[in-house]
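These notes are about the structure you will find just below.
Taken together, the values in this text are just the output of simple stated rules run on the coordinates, not laboratory data. This structure is a prediction, so every number in the text was calculated from the model and none was measured. Cβ atoms come from the backbone with ideal geometry, glycine included; neighbour counts cover every protein chain shown.
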Amino acid sequence: MKGIVCEEIGAFRLRDDLPEPSAGPGEAVVRIRRVGICGTDMHAFKGNQPYFTYPRILGHELAGTIEWIGANEAGLRAGDQVAVLPYLHCGTCIACRRGRTNCCVNMRVLGVHVDGGMRERIAVPVTHLVKTEGLTLNQTAVLEPLAIGAHAVRRSGAGRGETVLVIGAGPIGLGVAAFAKLAGARVIAMDLSDDRLAFCRSWAGADHTVNASDKPMKRIAVLTDGDFPTIVIDATGSARSMMDALGYVAHGGTLVYVGLVKNDIAFPHPDFHKRETTLMGSRNATREDFARVLEAVRSGAVDADRFITHRAPFDAMIGVFDEWLRPESGVIKAMVEWS
């Protein structure tokens, strides 16, 4: 079986001798047809992804078709097109018992803690498959990154009457902005790239954009009549940005970290205390978030096709990956495709 292995930092290898998957109890075998490339894959390739060891088969934004499946309560059958929930939770820890499977104590994420989907076939628990009838394969593959953003918005409580500042207009931040708008919030997007900010305005419907290099505090103060945003969601994965984010939060507001860094995060406690800030982490997503995104894509409320800006066939992925890493390439979402 063919697959691409990240053998060490900065080194991919195309192999044709990977073992075929064997489905255990409650599992199905899925033929992978699309793999979205995300920041996690890029960080892993560059050596700065937490929870990561080498060698590893990357890939957790997955779309495919079921090749084999046994009797199951979900009614799934061979040939069904599916998305994969890549967060393999234990089902017994304190988080799982409370329905918070996205932050399971014993979490194993495909492509991070265990081998992912950058291969022809993979065995996946039936409970982690979502039938995507009515969607294309490309639309199916972007459900996962969009669900990350949808989860952060749901966690923040954003809705009508809220002003949400989204810091970082990469793929996750774009999803945050889109679902904050769908929730009825007023959205301000901030990034260092004018091109990404323009895309965030046109694709996600951001009400205002702010370049982080051009006196952002003053600009945000003007946009909010000095009140500042009631919700700030940082999707940068930058320790500096995450520490600075507190300064943009309104008194009585909420700060959500959906980005992830290896570094410690610190900020002045008096600033945190005087605002009575609510501080949240947002990790992964749940089946509920996938369902929300699937309906938004199916209805046309979210344009998943325009979200994908770069494509490559499986056999050519290694040759273009370095190009996708460069900011000047303009990548929003890159997709690896099997015919």
*Springs between alpha-carbon atoms under 10 Å, Gaussian network over the chain: tell me which of Ser241, Ser329, Ser193 tops the mean-square fluctuations.*
Ser329
_Helix-only estimate, please: 222 nm mean residue ellipticity of the chain, summing -39500 (n - 2.57) across DSSP H runs of length 4 or more and dividing by its residues, to the nearest 500._
-7500 deg cm²/dmol
*For the range 287-330, what ratio Rg/Rh do Cα atoms give with a Kirkwood hydrodynamic radius?*
1.14
*Report ³J(HN,Hα) in whole Hz for each residue of the range 216-221, in order, from the Karplus equation J = 6.51 cos²θ - 1.76 cosθ + 1.60 where θ = phi - 60°; Gly and Pro get x.*
x, 4, 5, 5, 5, 4
_Tell me which of Pro145, Val126, Gly99 sits at the most positive position along the dipole axis of the range 91-159, charges placed on C-beta atoms (Lys, Arg +1; Asp, Glu -1)._
Gly99
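Between Rg and the Kirkwood Rh of the range 37-108, both from Cα atoms, what is the Rg to Rh ratio?
1.04
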*Can you list residues whose amide H is under 5 Å from Val109's amide H, if they're 5+ apart or on another chain and H is modeled 1.01 Å from N?*
Leu88, Val114
*Between helix 287-299 and the chain: long-axis angle, C-alpha atoms, 0 to 90°, nearest 10*: 90
*Based on the alpha carbon coordinates of the range 148-281, what radius of gyration and maximum Cα-Cα distance (Dmax) apply, in Å?*
13.1, 38
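Provide Met335, Met1, Met190, Met280 in ascending order of the number of other Cβ atoms located within 10 Å of each residue's Cβ, fewest first. Don't skip to the answer; put the middle values down first.
On the way: Met335 21, Met1 13, Met190 28, Met280 16.
Fewest to most other Cβ atoms nearby, the residues stand as Met1, Met280, Met335, Met190.
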*On a 0 to 90° scale, report how tilted helix 171-182 is relative to the longest principal axis of the chain, with both axes built from alpha carbons and the result rounded to the nearest 10.*
70
*For the range 262-339, state which GluC sites (Glu not before Pro) are in a DSSP loop and have at most 14 other beta carbons lying within 10 Å of their beta carbon.*
Glu276
*Binning at 20 Å from 0, report for the chain what percent of all alpha-carbon pair distances ends up in each bin.*
31, 58, 11, 0
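Please compute, over every Cα-Cα pair in the range 199-339, the percentage with a separation greater than 22 angstrom.
Numbers: 5553 of 9870 pairs.
So the portion of pairs separated by more than 22 Å is 56 percent.
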*asked:* Checking the cross-link filter: which aspartates and glutamates have an alpha carbon closer than 16 Å to that of Lys218, excluding same-chain neighbours under 8 positions apart?
replied: Asp191, Asp227, Asp244
_Spelling out what I want: for every residue of the range 236-244, take phi, set θ = phi - 60°, compute 6.51 cos²θ - 1.76 cosθ + 1.60 (Karplus), and round to whole Hz; glycine and proline get x._
8, x, 10, 4, 4, 5, 5, 6, 6
*Gaussian network model of the chain, Cα springs within a sub-10 Å range: biggest mean-square fluctuation belongs to which of His269, His43, His310?*
His269
*Mind listing P(r) for the range 155-199? All alpha-carbon pairs, 5 Å bins, whole percents.*
6, 26, 33, 20, 10, 4
*asked:* Explain nothing, just the number: relative contact order of the chain, from Cα pairs under 8 Å at least 6 residues apart, as a whole percent.
replied: 17
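Lys and Arg at +1, Asp and Glu at -1: add these up for the other residues within a Cβ distance under 12 Å of His151 and post the number. Walk me through the numbers before you get to the answer.
Numbers: positive: Arg100, Arg154, Arg155, Arg283, Arg287, Arg292; negative: Glu144, Glu288, Asp289.
So the surrounding residues net to +3.
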*Sequence neighbours fewer than 8 away in the same chain don't count; with that in mind, list the lysines whose C-alpha is under 24 Å from Lys2.*
Lys46, Lys333
